[in-house]
Amino acid sequence: MKFLTPRILTVALLVIVVALTPVVLQSNYYLRVMTLIYVFGLAAIGLNLLMGFAGQVSLGHAGFVGIGAYAVGIAPTHLGIPGLYAIVLGAGVSAAVAAIIGKPILKLRGHYLAVATLGFGFLVALLLTNEASWTGGPDGMSVPRPVIFGTRIRTVEQWYWITGGVLILGTIIAYNIASSSTGRALRAIHDSEIAAHTVGVDIAKQKFKVFVISAVYASLAGSLLALSNGHITPDSTAGFLRSVELLTMVVLGGLGSIASSILGTAVVVLLPQVLTVFHEYEHLVLGLVMMLCIILMPAGVVPTILRRIKGRAT
Amino acid sequence: MSTLLEIKNVSISFGGVQAVRDVSLSIPEGVVFSIIGPNGAGKTTLFNIISGLYVPQAGAVKLRGADIVGKRPDLLARNGLSRTFQNLQIFTQMSAIENVMVGRHIHERTSTVAQLFSLPNVLRENRASRAAATKLLTYVGLEKYIDSMASAMPYGALKRLEIARALATDPKIILLDEPAAGCNATETADVEQLIRRIADTGVTVLLIEHDMKLIMRISDRIL
Amino acid sequence: MLSDLVQYAASGVTVGAIYALIALGFTLIYNSTHVANFAQGDFAMLGAMTTVFVAAAGVPVVAAGILGILAAACAGLLLYRAAISFAKNSSVLGLIVLTIGAAIFLKGVAQIVFDKRFHSLPAWFGTEPIKVLDATIQPQSFVVLAGAAVIVFALVVFTKKTLIGKGILAISQNQLAATLVGINVTTIVTLAFVISAAIGGTAGILATPITLTSYDAGTLLSLKGFAAAMLGGMGSPMGAVIGGLVLGLVEAFGGGLISSAYKDAFAFLAILVVLALRPQGLVGSFVRERV
């Protein structure tokens with residue numbers, strides 16, 4: 001049984017889902033929805049490392065999604081840098097921005113950190129909206145599809161496989177971090193910053209590190225979102241509601257568990273698709289579902305269900 | 001015996017309340033040094049100053065001759081200073097062994113990039129930390145709790161878990177803040193025996209305790 | 001030039017007063033439950049939209065306004081009694097998601113009960129601008145300022161002089177101790193939500209003749225109110241008022257003198273700078289963690 005660790009189980013399940021979905025659901029609509037889950041799952045995993053593991057709030061993580069998305073939009077169009085390099089460029093810019101703002105704001109606690117990150121997200125969204133000559137303004141811009149080995153990657157199916165593959169890699173890396181000394185230090189900071197500090201954990205450095213890592217995750221997600229969609233707007237990438245969605249994915253799934261983040265993402269991405277049947281009641285039902293989930297499952301959907309199953313087994 | 005820790009004329013006050021006033025003491029290497037005094041006398045505040053959590057308004061604290069006032073706690077841990085807490089500061093959402101493994105943090109040196117890809121040196125390091133932590137848990141008598149969540153462990157066990165975590169840094173000096181508080185007679189005897197064994201390995205022990213009998217039995221010096 | 005500056009100051013203080021009221025409601029709820037209520041701006045929207053539609057049905061504006069405030073107060077009551085009081089085990093993040101869910105829910109309700117268009121209310125004393133030092137100021141600005149001043153004053157008296165007010169103060173200091181000395185925490189917290197929502201509703205009604213309102217006007221107000229409360233220092237009513245005014249002024253001057261497109265950016269930049277220098281906010285006090 002020891003072989004079936006959560007890490008191996010999660011990765012195996014993920015591989016199966018990615019491999020079998022196109023066999024079972026042969027429609028571009030479903031593949032597109034799954035692609036969205038994979039893309040945002042990546043961002044949610046990164047955010048979970050920051051919030052669930054280290055216990056640091058971010059209400060502006062969509063800012064990094066925006067940077068990643070507009071990197072692959074702007075760099076090929078205005079700077080002549082091909083799409084694939086633009087992904088790396090976006091990740092680099094996100095990491096640099098996270099490093100610059102991380103130093104001062106990670107000293108803040110709780111709601112103060114929340115408002116600072118909120119402000120950061122707002123600033124990115126405003127920049128993207130107002131610098132129209134670069135970004136196309138509020139209506140957004142189209143993103144040129146990249147060429148890999150001489151083929152232009154444009155079909156839904158191609159992006160499905162790429163995003164699925166990246167999510168699997170991102171999941172494995174997140175588990176690697178979680179099981180390393182960094183992962184332990186982050187969880188220690190979450191539980192007792194003082195104790196972690198006195199046994200030798202450099203608190204500022206660890207928070208800084210995970211903030212940068214989570215920014216890179218978000219940025220990669222943004223780049224993939226932009227490339228697979230072909231069109232981006234400030235609101236659909238960096239808007240406050242995007243940040244709220246990311247937050248909801250992580251909290252709804254269950255803080256501190258990587259598998260939960262992916263399932264939380266699936267819930268948040270699928271919900272609006274399902275709720276379109278409610279037409280104008282969509283907002284009302286969405287708000288209601290969010291409130292009910294938190295009230296009925298405060299630990300998150302996945303941990304609650306797992307406990308239910310375990311409770312029945314014993 | 002050379003002086004390991006020296007405190008000179010240290011004072012600190014919070015909003016007009018003088019918590020520690022003009023305290024001086026000199027702790028030689030390898031002793032069990034106890035500090036006694038009524039509640040509110042500022043003993044824990046003194047510990048907080050020594051371990052770098054508070055910065056005193058006046059005075060000097062020297063660890064092996066080097067001034068450590070204003071140094072961050074994590075740097076002091078790297079210089080061989082470790083402590084426990086009167087009000088437990090346990091990593092409650094982690095298992096007992098993980099708590100102690102965090103104590104090995106300063107000895108874990110693999111790069112973050114290596115950790116991202118779980119390179120062989122990272123796996124080796126994890127195994128080494130786990131082995132060291134297992135040994136320490138056995139040393140303090142918590143072998144049956146190794147994989148228990150800290151939040152599910154009894155109070156007395158958590159007290160010893162903190163000691164194991166503090167020992168994991170391989171300290172030269174360990175600050176124990178009321179290790180026997182809230183313990184019954186058997187547990188107190190266990191703690192006494194544990195402190196003796198720690199002192200026998202050459203680690204200097206700075207102790208705050210209210211149990212006078214315990215103090216009289218194990219202290220080399222008392223303030 | 002001078003007239004421009006007066007103009008910016010006037011509009012900054014007016015908008016700032018609205019932010020201050022939202023932040024005040026925010027602080028009241030935070031102090032009683034430690035919940036950051038991201039539906040605070042939606043109380044304002046609800047108060048304003050209700051007033052608009054009731055007035056449009058032929059009811060005198062004053063009566064419609066009272067109904068609007070009542071509607072907001074009811075929403076506050078329900079938010080606590082039907083949702084937050086059941087989520088005692090939630091993490092801070094969970095509670096943030098919960099109140100954002102409530103905000104989306106209220107938006108959804110407004111969208112169905114009312115509509116998705118922009119609405120205004122007639123200004124109380126007409127729209128004939130008043131000249132002050134060559135700047136033209138709308139009479140409604142004075143209404144907003146007077147209204148905000150009255151509310152702040154009433155709240156101060158209420159907290160200092162009444163038993164309920166002191167109860168809220170006690171709960172914000174130490175909930176367990178408050179229970180032990182016989183304070184009925186549930187009733188008082190419920191009241192805090194009702195009062196907070198009523199203040200939000202009033203702010204929305206006061207602002208509508210100037211800023212217009214719509215079903216989705218609440219989100220930005222919530223964020224600005226939250227930002228103002230944090231800028232001032234979380235938990236301090238005085239900080240909320242100062243934070244709101246500073247935020248309004250920074251926006252007005254930044255938007256007027258530098259770039260109107262980046263009006264909101266100045267507000268958040270100011271917050272980042274202030275918090276980098278003073279992590280506890282402008283008037284907040286530093287809390288030392290006890291070991």
| request: Would you mind finding the longest exposed-site-free stretch of chain C, with exposed trypsin sites (Lys or Arg not before Pro) meaning DSSP loop and at most 12 other Cβ atoms within 10 Å? | output: C:118-287
| task | Tell me the chymotrypsin sites (Phe, Trp or Tyr not before Pro) within the range B:21-59 that lie in a loop according to DSSP and have at most 12 other beta-carbon atoms within 10 Å. | result | none
| note | Rounded to a whole number, the Stokes-Einstein D of the range B:89-168 in µm²/s (Kirkwood radius over Cα pairs; 37 °C; 0.692 mPa s) is 257
| said: Springs between alpha-carbon pairs under 10 angstrom, Gaussian network model over chain C: which of C:LEU176, C:LEU98, C:LEU272 fluctuates most? | reply: C:LEU176
| query | Cα extents of the range C:1-157 along the three principal axes, largest first, in whole Å? | reply | 57, 36, 31
| said: Could you give each residue of the range C:32-48 its phi-based ³J(HN,Hα) in whole Hz, using Karplus coefficients 6.51, -1.76, 1.60 with θ = phi - 60°, and x for Gly or Pro? | reply: 8, 9, 6, 9, 8, 8, 7, 9, 4, x, 6, 4, 4, 4, 5, x, 5
| said: Pairs of alpha-carbon atoms within less than 8 angstrom and 6+ residues apart define the contacts here; what relative contact order does the range C:2-277 have, in percent? | reply: 40
| field | DSSP-assigned coil residues among chymotrypsin sites (Phe, Trp or Tyr not before Pro) in the range A:141-225, each with at most 16 further Cβ atoms within 10 Å | value | A:PHE149
| note | Toy charge model, Lys and Arg Cβ at +1, Asp and Glu Cβ at -1: the range C:1-136 dipole around Cα centroid in debye, rounded to 20, equals 460
| field | Selection from B:VAL113, B:ILE49, B:THR134, by position along the positive dipole direction of chain B (Cβ) | value | B:VAL113
| said: I need the calculated FRET efficiency for the pair A:VAL23 and B:MET149, taking r as the beta carbon distance and R₀ as 41 Å, to the nearest 0.05. | reply: 0.50
| Suppose R0 equals 51 Å; then what is the FRET efficiency for C:SER85 and B:GLU29 from their Cβ-Cβ distance, rounded to the nearest 0.05? | 0.30
| remark: Gyration tensor (Cα only) of the range B:1-72 to equivalent ellipsoid, semi-axes in Å sorted down, yields 20, 15, 9
| Between A:ILE148 and residues 5 or more places away or on another chain, which pairs have amide H atoms under 5 Å apart, with H built 1.01 Å from N, and which residues are they? | A:ILE153
| remark: Using eta = 1.567 mPa s and T = 4 °C, Stokes-Einstein with Kirkwood Rh from Cα pairs puts D for the range A:200-248, in µm² s⁻¹, at 104
| said: Using the Kirkwood radius over C-alpha pairs as Rh, can you work out the diffusion coefficient of the protein assembly as shown via Stokes-Einstein at 4 °C, viscosity 1.567 mPa s, in µm² per second? | reply: 45
| Cβ-Cβ FRET estimate between A:GLN273 and A:HIS231, R0 fixed at 25 Å, reported to 0.05 | 0.85
| remark: Cα-based Rg and Dmax for the range C:97-207, in Å, come out at 19.3, 59
| Based on Cβ point charges of +1 for Lys and Arg and -1 for Asp and Glu, what charge dipole magnitude is obtained for the protein assembly as shown about its Cα centre, in debye rounded to the nearest 20? | 1540
| task | Report the relative contact order of the range A:109-252, percent, no decimals, based on alpha-carbon pairs under 8 angstrom and at least 6 residues apart. | result | 38
| remark: With x for Gly and Pro, the residue-by-residue ³J(HN,Hα) of the range B:7-17, computed from phi through the Karplus equation 6.51 cos²θ - 1.76 cosθ + 1.60 at θ = phi - 60° and given in whole Hz, is 10, 10, 6, 7, 9, 8, 9, 10, x, x, 8
| note | For B:ARG221, placing the label point 7 angstrom along Cα-to-beta-carbon and taking the range B:144-174, residues whose amide nitrogen sits under 16 Å are B:173-174
| Can you give me the pair-distance distribution of the range A:6-240, C-alpha pairs, 10 Å bins, whole percents? | 8, 31, 33, 21, 6, 0
| task | Give, as ranges by residue number, the residues of the range B:154-170 whose backbone N falls under 18 Å from the point 7 Å along Cα→Cβ of B:THR186. | result | B:154-161
| query | With the calculation restricted to Cα positions, what are the radius of gyration and Dmax of chain B in angstrom? | reply | 17.9, 55
| query | Under the Kirkwood approximation for Rh and a Cα-based Rg, what ratio Rg/Rh is obtained for the range A:140-286? | reply | 1.04
| request: Under a cut-off of 19 Å between alpha-carbon atoms, report the aspartates and glutamates in cross-link reach of A:LYS209, not counting same-chain residues fewer than 8 places apart. | output: A:ASP191, A:GLU193, B:ASP74, B:GLU108
| Karplus (6.51, -1.76, 1.60) ³J(HN,Hα), θ = phi - 60°, over the range C:257-266, in Hz, Gly and Pro reported as x | 8, 10, 7, 6, 5, 9, 3, 5, 5, 4
| query | If you average the sequence gap of Cα pairs under 8 Å that are 6 or more apart and divide by the length of chain A, what percent do you get for the contact order? | reply | 32
| task | Hey, can you grab everything whose amide H is under 5 Å from the amide H of B:ILE222? Only 5+ residues off in sequence or another chain; H modelled, so Pro and N-termini drop out. | result | B:SER34
| Of C:ALA203, C:GLY76, C:THR159, which is farthest along the charge dipole of chain C in the positive direction, counting Lys and Arg as +1 and Asp and Glu as -1 at C-beta? | C:THR159
| query | Seen from all sides and averaged, what is the projected area of the convex hull of the Cα atoms in chain C, in nm²? | reply | 16.4
| remark: Residue ranges of DSSP H helices in chain A that stretch 27 Å or more (Cα, own long axis) and have mean Kyte-Doolittle hydropathy of at least 0.5 are A:28-48, A:83-105, A:110-130, A:156-178, A:203-229
| With the dipole of the range C:2-277 worked out from charges on the C-beta (+1 for Lys and Arg, -1 for Asp and Glu) around the Cα centre, which of C:ILE100, C:THR27, C:ALA170 lies farthest toward the positive end? | C:ALA170
| Points 7 angstrom from Cα along the Cβ direction at A:LEU84 and A:PHE208: gap in nanometres? | 3.4
| remark: Treating only Lys and Arg (+1) and Asp and Glu (-1) as charged, each at its beta carbon, one finds that the range A:6-240 has a dipole about its Cα centre, in Debye to the nearest 20, of 400
| field | Reciprocal of mean inverse Cα separation for the range A:41-108 (Kirkwood radius, Å) | value | 12.9
| message | Under 5 Å between amide hydrogens, which residues at least 5 positions from B:ALA58 or on another chain qualify, with H placed 1.01 Å from N in the peptide plane? | response | B:SER11
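Every read-out reported here was derived from the displayed coordinates using simple, explicitly stated rules and does not represent laboratory data. These figures come from a predicted structure and were not determined experimentally. Note: ideal-geometry Cβ built from the backbone for every residue, glycine included; neighbour counts use all protein chains shown.
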